[in-house]
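Derivation of every value follows stated rules applied to the coordinates shown; laboratory data play no part. Bear in mind that the values here come from a model prediction, so they are computed numbers and not experimental data. Virtual Cβ from ideal backbone geometry, glycine too; neighbours counted across all protein chains shown.
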Amino acid sequence: MPTIHYILKDGTTRSVDAKVGASVMETAIHHNVRGIDAECGGSCSCATCHVYVEEAFVGKLVPPDEMEDELLDGTASERKSNSRLSCQIAVTAELEGLTVRVPETQV
Amino acid sequence: MDKKPPLVVVGASYAGTQLAAAARELGYDSPIVLLGDESHPPYQRPPLSKGLLTGKTAAESLPLRGPDFFQEQGIDLRLGTRAASIDLAAKKVQLEDGTQLDYATLVLATGARCRPLMVSGSDLAGVYQLRTLDDALAVLQAVTSRPKVCAIGGGFIGLEVAAALAATGAEVTVVQSNRRLLARSVSEGMSEYIAQAHLKRGVKLELGHGVRSLRGLDGRVQAVELDDGRLIECDIVVLGIGVVPNDELARQAGISCDNGILVDHLGRTSAPSVLAVGDVANMRLSSVPGVPDSLQRVRLESIQAANDGARAAASLIAGQPQPYSAVPWFWSEQFDLKIQLAGLPATGDEMVARGELSSDRFTLFYLRDGVVAAAHSVNRPAEHMQARKLIAQRVSIPVADLTDPSTDLKALAASQTTKATP
């Protein structure tokens, strides 16, 4: 089980064991990680599961598709080069240690 | 020991769960009891008519919160529990199992139930409704071998079920008495687009036809009889003819109801210390952006309204009232189409298109007195997000700018002068 680290708004880190195949958003919801709202439940409709991915991992992820790319333009917190929607990142064994930072606000 | 009576929340779907969670986030530290009448812990409903039926979403991924959430948050979640009556004077709720609960504040998040089809044969085997996880699992079990499906009702549920089952190989017919699909929610142009989208993808439509009866053999449905006498053969029927608010508890207690429980921008009902949120709440929406002035109240059946209405009510409970003010929005998925709706269109709005409808990527904007009041997008999630901001800011944009695909809506939202909020 890969470990995912979530850096919360208050600067603390929550580290959780993720199931391979689940999304980074689902993993956060399952472990009650605060700051990932996921209002649409992961259907890539709402941009409320925005995270900043630690630079070292950006290149290991499948790049955003057109829908995600468009939605990232509508996030409540500023879009940066490492912005992703966590519902679109599937956990794989290669993502052991993946670190994402929760933004200031999702809505 | 804490002797203060708890906050009692009746109903544990989106609104009830969000209310309890938001109250805790805002620092409310008295006991909370959350009552759910289903056996499942709170779960996501949108995938029930979409991904769950196509196999894209597994039932295990549906819980709204992690398994420890309620305990961690000091929320006493009681499943399989129904409230029987409310005693407003004594501030007590009587449960069906005989238990009595005192409450400091009572929140009714009792939701809605499927409207029954009142024709002969609607009790035949093979006739399904779709509201709960158990409903959806029953449909899923029934559609294993490319059945003929008749969806009665051309609203979001009927169309989503039609699309999901057609995508898995079923032969689907949608029957609706209204000539227009989604007539309650979208403009005529959008209705026509959706109809064409379904026809193109192999769904048959019988619009403008009521259902006279359901016909069966040996207790199982075999056909839907239309009002012109024609029979639509089918193995299963899925009903999607709207919902009825579960406002009986409130009515019996003498709380003001009219198509749901009447509440203000903070979820307050006519009774002191009783709030209502979610599908059962008929909310006062005056001065909410994207809502026409003619519509003083509405019962919004959406995740967004449940969440935002619950947040507003929780803010009152936590002593930091923040009235509901969010632009209504919701979404649907049908085949490869992500349909997103922001604001509520009204008769007389000017409708303009950004993008070609035939491309399956466009946004219809609705202008009210020149101000962006609503937008319906297909496969244009960024435009939907921008539209929500434009609607919230009551932005006035020249039609030529709005319909020009090269106009940067984000920049427009940031720069345009806004109309003063009344």
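Some notes on this structure:
- Binned Cα-Cα distance frequencies in the range B:145-227 - 10 Å width, integer %: 19, 50, 27, 4, 0
- For chain B, averaging the sequence separation of C-alpha pairs within contact (under 8 Å, six or more residues apart) and dividing by the residue count gives a relative contact order of 14 percent.
- Note on the protein assembly as shown: antiparallel DSSP beta bridges, both residues inside, total approximately 60 percent of the bridges counted.
- Dipole magnitude of chain B, debye to nearest 20 (Cβ charges: Lys/Arg +1, Asp/Glu -1, about Cα centre): 380
- Kirkwood Rh, angstrom, the range B:107-189 [1 / mean 1/r, Cα pairs]: 14.2
- The range B:295-375 - convex hull of the alpha-carbon atoms, volume per residue in Å³: 124
- Chain A: relative contact order as a whole-number percent, Cα under 8 Å and 6+ apart: 41
- Spin-label proximity, B:ARG179 to the range B:129-172 - amide N less than 19 Å from point 7 Å beyond Cα toward beta carbon: B:153-155
- For chain A, the dipole from Cβ point charges (+1 on Lys and Arg, -1 on Asp and Glu) about the Cα centre works out to 360 debye, to the nearest 20.
- Relative packing of peptides B:12-23, B:288-299, B:99-110, B:168-179 - highest average C-beta neighbours within 10 Å first: B:12-23, B:99-110, B:168-179, B:288-299
- Two numbers describe the Cα atoms of the range B:106-246: Rg and Dmax, which are 14.8, 50 Å.
- nm² value of the averaged projected area, convex hull over the Cα atoms of the range B:287-422: 9.1
- In a fully extended conformation the segment linking B:VAL244 and B:LEU26 would gain 75.3 nm over its present Cα-Cα distance, using 0.36 nm per residue.
- Compactness of the range B:44-93 was expressed as the Cα radius of gyration divided by 2.2 N^0.38 Å, which yields 1.70.
- The base-10 log of I(q)/I(0) for the range B:294-338, evaluated at q = 0.17, 0.18, 0.28, 0.30 Å⁻¹, reads -0.59, -0.64, -1.02, -1.07 [Debye formula, identical scatterers on Cα atoms, solvent excluded].
- The share of alpha-carbon pairs in the range A:1-60 lying farther apart than 20 Å comes to 24%.
- The alpha-carbon atoms of the range B:343-422, seen along their principal axes, cover 38, 29, 20 angstrom, with the largest extent given first.
- Cysteines, chain B, no other Cys beta-carbon under 4.7 Å: B:CYS114, B:CYS257
- Residue mean of other protein chain beta carbons inside 10 Å, B:63-76: 2
- Over all orientations, the protein assembly as shown has a Cα convex hull whose mean projected area works out to 25.9 square nanometres.
- Separation between Cα centres of the range A:5-34 and the range B:323-395, rounded to whole Å: 32
- The range B:1-42 - percent relative contact order, Cα under 8 Å, separation 6 or more: 55
- With the convex hull constructed from alpha-carbon coordinates only, the range B:24-135 shows a mean projected area of 10.0 nm² over all directions.
- Most fluctuating residue given options A:GLU66, A:GLU39, A:GLU96, as computed from a GNM of chain A linking Cα atoms under 10 Å: A:GLU66
- Put simply, the amide H of B:GLU206, placed in the peptide plane, has neighbours under 5 Å in B:VAL174, B:VAL175, B:GLN176, leaving out anything fewer than 5 places away on its chain.
- Computed over chain A, the range of Cα coordinates on each principal axis works out to 32, 28, 25 Å, biggest value leading.
- Between the beta carbons of B:VAL119 and B:SER39, assuming R0 = 25 Å, the FRET efficiency works out to 0.25 to the nearest 0.05.
- FRET efficiency, B:GLN296 to A:MET1 (Cβ-Cβ, R0 60 Å, nearest 0.05): 0.70
- Normalised convex hull volume, the range B:252-324, alpha-carbon set, Å³ per residue: 84
- Here chain B yields Rg over Rh of 0.98, to two decimals, using C-alpha coordinates and the Kirkwood radius.
- For B:CYS234, the residues whose modelled amide H falls within less than 5 Å of its own, excluding neighbours fewer than 5 places apart on the same chain, are B:ALA223, B:VAL224.
- Computed [θ] at 222 nm, deg cm²/dmol, the protein assembly as shown (DSSP H ≥ 4; -39,500 (n - 2.57); rounded to nearest 500): -6000 deg cm²/dmol
- Label sites at A:ASP73 and A:VAL20, each approximated as a point 7 angstrom past Cα along Cα to Cβ, lie 3.7 nm apart.
- The smallest convex shape that holds all Cα atoms of the range A:35-88, its convex hull, gives 74 Å³ per residue.
- B:ARG212 long-range amide H proximity, modeled H, under 5 Å: B:GLU225, B:LEU226, B:ASP227
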